[in-house]
């Protein structure tokens, strides 16, 4: 019987082949369930949704995250996953 890798929720688990990126939260309104991150390396904007494991974020907070780099079909921004605040 073949062994299967455990399933991960795509927004809370970091795929092993995707590097962690750094950036700043540029939009996150109190009480909202989503916001945007601007990546340090290239200035691209990433969409982040508050899901289990993603803390409440404040505008200007430094974070690390992963993501595919390509927006989902019909969307403007790529999704940021596994978002974690960091001290700068």
* Please determine, by comparing only the residues of region 50-66 that are at pLDDT 90 or above and within 11 Å of the chain's Cα centre (by Cα), which one is farthest from residue 81 (Cα to Cα). => 63
* To do: Just give me the residues in region 15-25 being farther than 16 Å from residue 81 by Cβ and surrounded by fewer than 13 Cβ atoms within 10 Å (Cβ to Cβ), in sequence order.
  => none
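The values are calculated or read from the model by the stated rules, or taken from the named source; none is laboratory data. Note that the coordinates shown come from a computational prediction; the quantities given were computed from them, not determined experimentally. Neighbour counts are summed over all protein chains in view; Cβ atoms, including those assigned to glycine, are modelled from backbone coordinates with ideal geometry.
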